[in-house]
1. With (1) under 20 Å from Ser830 (Cα atoms); (2) open to solvent by 40 Å² or more (accessible area, probe 1.4 Å); (3) assigned to a helix (DSSP H, G or I); (4) not small (Gly, Ala, Ser) as the list, and Asp751 as the residue in question, which single condition is left unmet?
2. Inside the stretch 888-912, can you point out the residues that are at pLDDT 70 or above and either open to solvent by 70 Å² or more (accessible area, probe 1.4 Å) or assigned to a loop (DSSP other than H, G, I, E, B) (or both)?
3. Evaluate the following for Glu660: is it closer than 30 Å to Asn578 by Cα, in contact with a Cys (Cβ under 7 Å, 6 or more places away or on another chain) and assigned to a helix (DSSP H, G or I)?
4. Confirm whether Leu91 is at pLDDT 75 or above, of a type in the set (A, V, I, L, M, F, W, C) and touching a Leu at 6+ places or on another chain (Cβ under 9 Å).
5. Being charged (D, E, K, R) and either more than 18 Å from Ala570 (Cβ to Cβ) or without any contact (Cβ under 8 Å) to a residue 12 or more places away in the chain (or both) is the filter here, so list the residues in the stretch 725-748 that pass it.
6. Collect the residues in the stretch 428-443 that are hydrophobic (A, V, I, L, M, F, W, C), modelled with pLDDT under 85 and open to solvent by 10 Å² or more (accessible area, probe 1.4 Å), keeping them in residue-number order.
7. Applying the selection to the stretch 179-222, what residues are assigned to a loop (DSSP other than H, G, I, E, B), free of Cβ contacts under 8 Å to residues at least 24 places away in the same chain and either over 15 Å from Lys287 (Cβ atoms) or open to solvent by less than 80 Å² (accessible area, probe 1.4 Å) (or both)?
8. Does the stretch 423-459 hold any residues that are among the polar types (S, T, N, Q), over 15 Å from Leu498 (Cβ atoms) and either in a helix (DSSP H, G or I) or in contact (Cβ under 8 Å) with a residue 60 or more places away in the chain (or both), and which are they?
Amino acid sequence: MHQDIVPLYAADIQDQLKKQFAYLSGGRGGDGCPVITFPDYPAFSEIPEKEFQNVLTYLTSIPSLRDAGIGFILVIDRRQDKWTSVKASILRIAASFPGNLQLVLVLRPTGFFHRALSDIAFKFNKDEFKMKVPIIMLGSVSELQGYIDKTQLTEDLGGTLDYCHNRWLSRRTAIEGFAQKVKQTAQILQSFGTELAETELPNDVQSTSCLLATHTEKKDKMKEDIRLAVEQGDDILGSITKPVTENPEYKLNQDQLDNQTTVERLLSQLHETETAFDEFWIKHQQKLEQCLHLRNFEQNFREVKAALDIVSERLSAFSDVGNSCSHVEHILKDLANFEEKSYETIAKARMLASEGDAFIQSNHYAMDSIIPKCSELHHLCDAFATETERRRNLLNKSLELHDLLEKSMKWCDEGIYLLASQPVDKCQSQDGAESALQEIEKFLDTGAGNKIKELNKIYREYAPILNEDLKEHVQKVFQKQESMEEMFQKRQVSLKKLAAKQTRPVQPVAPRPEAFVKSPCTSPGLQREYISNSESSALRRVNYRRGKSEMTELHQSRGGSAMDDEENLAVLRQHVINELIETERAYVEELLCVLEGYAAEMDNPLMAHLISPELQNKKDILFGNMEEIYHFHNRIFLRELENYVEYPELVGRCFLDQMEDFQIYEKYCQNKPRSESLWRQFSDSVFFQECQRKLDHKLSLDSYLLKPVQRITKYQLLLKEMLKYSKNCEGAEDLQEALTSILGILKAVNDSMHQIAITGYDGNLNELGKLLMQGSFNVWTDHKKGHSKVKDLARFKPMQRHLFLHEKAVLFCKKREENGEGYEKAPSYSYKHSLNMAAVGITENVKGDAKKFEIWYNAREEVYIIQAPTPEVKATWVNEIRKVLTSQLQACREASQHRTLEHTQSLPLPSSSCTSPSRNHIRNTRKMEERKADLTSLEGYGTTVAPKNPEKSKGWAKASHSLDASEENDGWSSAEDPLNSSDAEEEGGGGGGEMKLTPGKYTVVTDYEKGVSEEFTVKSGDLVQLIREGEDGLWYVKNLSTGREGWIPANNLLMLIGNSKSAQSLSSSESGTASSTLSTSSSCSESCNASSTSFSDIKG
C-alpha cells in the first residue's frame, strides 16, 4: 500500500464504526500485540471499500507506535459463514490491512460440509492469500485460546474481557474531542498573547481604560474556556478510572491504560498553557495599569500645571507695594486670602508629585517621562511658596516704610500745629519765650523715633520696593520734614533772642494756622501734597542739594525694576506660547475626530442604511476642505510651532513661513454657507446622532464644523498678546508682520464671503482680478447724459450701494437681506453695473463733507458721488483706488515709452496718423518727457491734468482745479437726510424714483438769476408759489416776497426748493473745486498721445 494515510477521528467515521464489522477490543497477544477482531458480519462483502479502509486505518492508529510496530493479531470469526465467504473475507482483509501483521487466526465454519471444504480448499488455495504471516484455521474457540489468553478475548469468543462497543466509541470520541479542545485553546491563548504583546499603548485615559477593560474581558473569557476544558478532561479521566474506583481489584486493559495516559498528558499540557498565560497576563495587566496610571498622571499634570500657571499669574498681579499703611494692609489681607484659596491647588500639585515619586519607586516603565514632571511640580510649588513669601516680605517692608512715613507726616503735622498754636502775645516776655522754647525742644525730642534720619539709608534699606511713586512720596515727606525743622530752627533763634534780651515789645508774626493742617489728628494715609506755600523756598533748596544722589538711586531702582519686568514678560510670553501650542493640539485632535467619526463614516458600508439618499455623495459639501486643513496643521504647522516653545518671541517667523498655506481657509469659509444649509436640512438624521453617540460628543457636528472659522480668528488674538509682551525682543518685527498678514487673510476671507453672494453678474468675477475692498455706501449720480430732471433729482436722493473694488473694475450692487438662520441669513448682492478701472478717475475731496469722494468715468460723462460711513473708511478706499490707478498709469507709461521708442526707431518723422496740431504735439511731447522724469521720482503722477489748466498739475500734495469737476458739480447738493434716500435706478420706478413738483408755496434755498425773463430773480429765503406747469418743462412761479412772476425750468426748481417745503437743505456751487483728483484714463491718454498711441491700443 502506497496511499497516503490521512489522520482520522472517531467523530468523522462514527457511523462506519457503529457497524462493528471490526473492532479493537483492547486485548493483547502474548508479546503485547494488539488484537483486532472481525466478528461474524453477514453483510461483510457489501461494506463499501472506502468505509472498510477507513475503519481499518483508524483502528490501527489507536495503539501506541511501539505496540503497533510489533504487529497486529487478527481474529476472524466465520463460524456461521460459508467457505466462499471466508475466502473472500481473508482476501479482502489481506489486501486492505494498513498495519503490520503478526498472526491471522480464522475460526472456520462449524458446518460439516463447509468445515471439510474449508480444510481442503485452504490446503490447495493457501498461496492465493498472499500474506507474509501465517494464517491459522481454527475449529473452535478453545483452540483460539491456545494462541490468545482467555482474559484477552471478549465474551463472544469465550473470553472474559469486558468490552462494550458503544462505550468504547463514546470514549474515543470524547478523548479526541478533548485533545482538539486542548490544541485550540493553546492556539487561541498564543494568538491572544501575541495580540497583547503587539498592542500599542494609548495616549489618553479613556482609550487606556477601554483597552484594559477589553483585554480583561477577553482574558476572563479565555480563563472560562480553560476551566471548561479542564472539567471536560477530568470527566473523561474519571470515566476511564471509574471501574478501578468502584473495584480496586479491577485491572485496566492496555487500551484503557493508554487512554488514561493520553487524557492525563492533555490535562498537563492544558495546565502548563494556563500557567504560562497567567504569568504573561500578570505582566501585561501590570503594564496596562501602569499606562493607565501614567495617563491619569499626565492628565492631572496638565490640569494642575494649568492651575499653577493661573495661580502664578495671579500671584504676579500682587506687584503693587501700596500707597499707605491701610492700602498695604489691604493688599496683605488679599494676599493671605489668595494664598488660602491657592492652598488646594498647591496641595493637589504636591500630592500629584508624591504620586509620581511613588511610580518612580515602583520602577514604572515610563520613569523617564515621570521624573521631569515631578521635578517641575516640586519646582513650581516651591517657587510659588518662595514667591509668596517674597511678596509678603516686600509688603511687610512696604508697611514698615509707610508706617515710618505716616509717623513722620503726623510728627510734621503736629509740629506745624504747635508752631501755629503758640500764643504770640505770651512770647513777648522772657518767661513766655522760654516756655515756648521748652515746648519746641520737648517736641523735637519726640522726633527720634518718628522722623526720617537719613534719606540715602532709606533708599538702601527699602530699595526692593521703591518705585517712582513711592520714591517721590518719600522725597516729599523728607522735604516736608526738613522744611518743618527749618521753621523750628528759625522759631528757636527768634525765641532765644527774646529770652536772652528784652527790648521794646515787638509783635512777632506767627504762622497763620490756616496755612497748616488744623488738627494733628488728620489721616496721613490719604495725603500726597503736604507742603504749604510758606515752605516752597526751602523745598527748592533741598531739591537742589539732593538732586544728584536721588537721580543715581532712581536709576538703580529702575534697573532692578526693569529686570523684574523682563522676567514677568518672559513668563507671560511662555504662557501665550503654551496656550497656542496646547490649543493647536486640541484643534488638530478635534479635526481628526470629525474626519474619522463623521466624514469617514459616510463611506462606511455598515452605516449606509442610516444615511438618507439626499445626503449621499454630499460629503465634500458638508466638510469642505477640512481634510486639507487637518493635514496642514497636523503635518506642518503644529510641528513647526513646537520648535518655538523655548523661543516664544520668535514665533512670528513660524506664521510668516506658513502664511501661504493659510489661504486654504478662504476655500473653507466660502463653502461654509452651503455646508450649513445642508446641515440644517439633515441635522436630525439618525446617521449624525449615531456618530455623535459613538464619539460620546456633547455637542453636535455643526459646532465642530465651526472650529476652523474660530481657529483662524483666534491666531490674531494670540499674536496680539505675544506682541504686547515682546515689544523690545528680537522677533517683534516678525510678530507685527505676522499679525498684519493674519488680519489680511481674515479680511480676504471676509471679502470673498461677500463676493460669492453677488447675483446677476453675467461674466466671470475671477477675470476682474483680486478683490481689494468691499463695503456699503450712499451713492449719488451726476451724469452729463440723460434727462435733466432725473439728473438733478439724483443729486438729492442717495442710492444704497455695496461696492466691490477689484483690480480691473469696480462693481455697484444693491444689498438684499435674506430671511433664514445662520449663513442663510447672510445678504446677497444684486449686480447693477460696473466701471472699468482703465477709464476711472477719482476726486478725493468733495467740499462740504469729509466722508465723500467722487468716482468718475470716461472723462466725467458719468460721475458717482460716494459717501463713506466714516472719514477713515473713505481714506482707506481712496488710498486703495489710488494704488490701482497708479499701477495702471505706470503700466501705461511704460507701454507708451516702449511704443515711442519703436516709433523713434522706425519713423524719424512724426507719424501722419497724429491728428493734433504740431504745437499740441510738441507740448504733448514735452509733457511726455516731463512725465518720464516724474516716473523716476514718483512725483506728479497722481493728478488729473485738465485740458484747460495743464500748468496746475503738480502732484498729490497740491490741489487741482479741474474745470470739468467744477462745471459738473455746480449746484450739487450735499443734503444727507436719510429719510430722502431712494434708489433712482430701481426697476419699475414705482413710488420714490422721481420727485413730483406740485403747485404750492415753497421757500427758496439758493439764489437764482437765470430765469426766462431777465427781470425775474429769487433770493435765498424768498417765499415762492408754484402756480402752474407749462410746456417744455417750465413752471410759472410767483415770488411772494417781491411780487414778481416768471417762468423757471423744472430742473432748476428742484435745485432751488430742495425736496420739501423745508428750507434746511444747503447747496454748494463749489463742491469739487480745489479737489485732488486722479484719473488713469486722462493721464494715460495724454502720455499716450505723445507717441500717437491710444490707451485702447495699449490695453489691447
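1. (2)
2. Gln890, Glu894, His898, Arg899, Leu901
3. Working: closer than 30 Å to Asn578 by Cα: yes; in contact with a Cys (Cβ under 7 Å, 6 or more places away or on another chain): no; assigned to a helix (DSSP H, G or I): yes.
Answer is no for this residue.
4. Values: at pLDDT 75 or above: yes; of a type in the set (A, V, I, L, M, F, W, C): yes; touching a Leu at 6+ places or on another chain (Cβ under 9 Å): no.
No, not satisfied.
5. Going through the stretch 725-748, the residues charged (D, E, K, R) turn out to be 727, 730, 733-734, 737, 747.
Within the stretch 725-748, Lys727, Glu733, Glu737, Lys747 qualify.
6. Across the stretch 428-443, there are no qualifying residues.
7. Within the stretch 179-222, the first condition is being assigned to a loop (DSSP other than H, G, I, E, B), and the residues that meet it are 199-204.
Still in the list and also free of Cβ contacts under 8 Å to residues at least 24 places away in the same chain: 199-200.
Hit for the stretch 179-222 is Thr199, nothing else.
8. Going through the stretch 423-459, the residues among the polar types (S, T, N, Q) turn out to be 428-430, 435, 438, 446, 450, 456.
Subset that is over 15 Å from Leu498 (Cβ atoms): 446, 450, 456.
Across the stretch 423-459, the qualifying residues are Thr446, Asn456.
The values are calculated or read from the model by the stated rules, or taken from the named source; none is laboratory data. Remember, predicted model here, so these are calculated numbers, not experimental data. Every residue, glycine as well, gets a Cβ built from its backbone with ideal geometry; the counts of neighbours run over all protein chains shown. We work out accessible area using only protein heavy atoms, side chains counted, and drop any ligands, DNA or RNA first. Shrake-Rupley method; radii C 1.70, N 1.55, O 1.52, S 1.80 Å.
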